[in-house]
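Accompanying notes for the structure given below.
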Amino acid sequence: MLFTTSFINLALLGFASAAKFTNPLRKSGPDPFIVYDHDTSSYLFMQTTGNGLRVTKGPTLDGIRDFGNEKLVFQNQNMKDKPSVWAGEIHKIDGNWYIYYSHADAVWVVSGGSDPVGEYRDPVRLYDRGWSLDNTVLKVGGKNYLVFSCHSKDVSDNTIGGSSICISPLVSPTKINQDQVTVISRPEEAWEQSGGNTNEGPQPLYWAGQVYITYSASFCSTPDYSLGLVHLTGDDPMDAASWTKKKDEPVFHSGNGYYGPGHNGMFISPDGTELWNVYHATFHPEGQCGDDRSTFAMKVDTTNGLNFGSPVTPGEYTAPSGEGGDSSTAQKGASNATTAQADIVGVTGATIIKSAVATSKFVDTLAVTAPTVIGAVQAAVTGGSETEGTKCKAKRSRSRLVVRYDY
């Protein structure tokens, strides 16, 4: 009887122990993107690989480290001839998967089916009226929008140099309305202009009934490469006045010996209770645009608003909540991921973006009534924590440094 009781207690302790993962997820992992797929109880991961589109599928966050879980899902001769493919993102729309990516200074999409690592086909250039890159899908009020990096002068009378953030309605998963393109963020602040005026890598963020977009500011080869934030505070995503930018400083920047944390992805934990940020960063104090950028994942503190914190250091961390849970946990997570979280409350000394809209047909989830805030100022940048690294293998392609990989 004693043996049986002890055995049961040990088993319960084993089930109760939280899953772990190790940062960095990839030693070389620029432009990372993660989504948790409840239908397959799997994480789906993409990063820049230069000459094709590769998806890593695994049941745990730590499984992203295993290249055995990675599959080349699309590659054509044009990608081989011009190995400047970057920033792939995998999105499910109406039950089918699509991969949005950048190639040769243009934004593209390929179409898949119900299997995220199945066959992809029919590459379509989505925007052909100027330079573009880093496209993603924003979902608001039952409508889909393409958000991407553009040149302001191509779509507006504003001629500020460098790259800005544009939005356009998705008529279908593979077509936008090119006659309707709006600039919702320009690199007008000093912290967005280090090394060149830059707004790129937009990423939708849905939390507590609110819609945000993070984006990368300043040029990637500088330690000032960081994350900015805009908040949908109006009714119409296509109206630039509906977006409110946090102007005083970035929400996530260099720290703890890691520099240029940017080009991120946002994802929700399997049980729907935690907001996570996946990003790349380098240990080179001067910054990095090549393959010496590692993939890190960290939980965003949502206790009092949105506090992105400072870049994490290498080591073992607690995995996202609900990882490895049973089917009921997975179903709950799928529901929580599209349901409003607890109200956001104010923080002393935090920057208030704007009072949340009480109701809006354009907001997917129930909007909160408390002010939306951004967390307190981050810790100061500290000295480097690593001294080793391979030389940057990146080569300049037009206006961007991209990575060339040989597979």
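The values are calculated or read from the model by the stated rules, or taken from the named source; none is laboratory data. This is a predicted model, so every value here is computed, not measured. Glycine also receives a Cβ, built like all others from the backbone with ideal geometry; neighbour counts cover every protein chain displayed.
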Among residues of segment 98-134 being of a type in the set (S, T, N, Q) and touching a Gly at 6+ places or on another chain (Cβ under 9 Å), the residue nearest to Ser163 (Cα to Cα) is Ser102
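Here are some residues: Glu189, Glu200. Which one is touching a Lys or Arg at 6+ places or on another chain (Cβ under 6 Å) and closer than 18 Å to His151 by Cα?
After applying the criteria, what remains is Glu189.
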Look at segment 222-241 and say how many of its residues are among the small types (Gly, Ala, Ser), more than 15 Å from the chain's Cα centre (by Cα) and buried (at least 22 other Cβ atoms within 10 Å of the Cβ). 0
Could you list, ordered by first residue, the pairs with Cβ atoms under 7 Å in which the first is in segment 110-137 and at pLDDT 95 or above and among the polar types (S, T, N, Q) and the second is exposed (fewer than 13 other Cβ atoms within 10 Å of the Cβ) and assigned to a strand (DSSP E or B), at least 6 apart or interchain? Ser111/Arg121; Ser111/Asp122
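Taking the condition under 22 Å from Met46 (Cα atoms), touching a helix residue (DSSP H, G or I) at 6+ places or on another chain (Cβ under 9 Å) and assigned to a loop (DSSP other than H, G, I, E, B), does Asp271 pass?
So Asp271 passes the test.
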In segment 221-253, which residues are among the hydrophobic types (A, V, I, L, M, F, W, C) and touching a strand residue (DSSP E or B) at 6+ places or on another chain (Cβ under 6 Å)? Leu227, Leu229, Val230, Leu232, Met238, Ala240, Trp243, Val251, Phe252
Looking at (1) farther than 20 Å from Ile34 by Cβ; (2) of a type outside the set (Gly, Ala, Ser); (3) surrounded by fewer than 23 Cβ atoms within 10 Å (Cβ to Cβ), which one does Ile93 not meet, given that it meets all the others? (1)
Give segment 290-315 a look and list any residue that's out of contact with any Gly (no Cβ under 7 Å at 6 or more places or on another chain), crowded, with 20+ Cβ neighbours inside 10 Å and assigned to a strand (DSSP E or B), or say none. Phe296, Ala297
Between a first residue in segment 15-37 that is over 17 Å from Ser269 (Cα atoms) and a second residue that is in a loop (DSSP other than H, G, I, E, B) and modelled with pLDDT of 95 or more, which pairs have beta carbons less than 6 Å apart while being 6 or more apart in sequence or on different chains? Gly29/Gln47; Pro30/Thr48; Pro30/Arg293; Asp31/Gln47; Asp31/Thr48
Of the criteria (1) of a type in the set (Asp, Glu); (2) surrounded by 17 or more Cβ atoms within 10 Å (Cβ to Cβ); (3) within 20 Å of Asp105 (Cβ to Cβ), which one Glu192 fails: (3)
Criterion violated by Phe7 - all others in (1) farther than 22 Å from Gly118 by Cβ; (2) at pLDDT 95 or above; (3) of a type outside the set (Ser, Thr, Tyr) satisfied: (2)
Examine segment 42-55 for a residue that is surrounded by fewer than 21 Cβ atoms within 10 Å (Cβ to Cβ), among the aliphatic types (A, V, I, L, M) and touching a residue at least 60 places away in the same chain (Cβ under 8 Å), and state whether such a residue exists. no
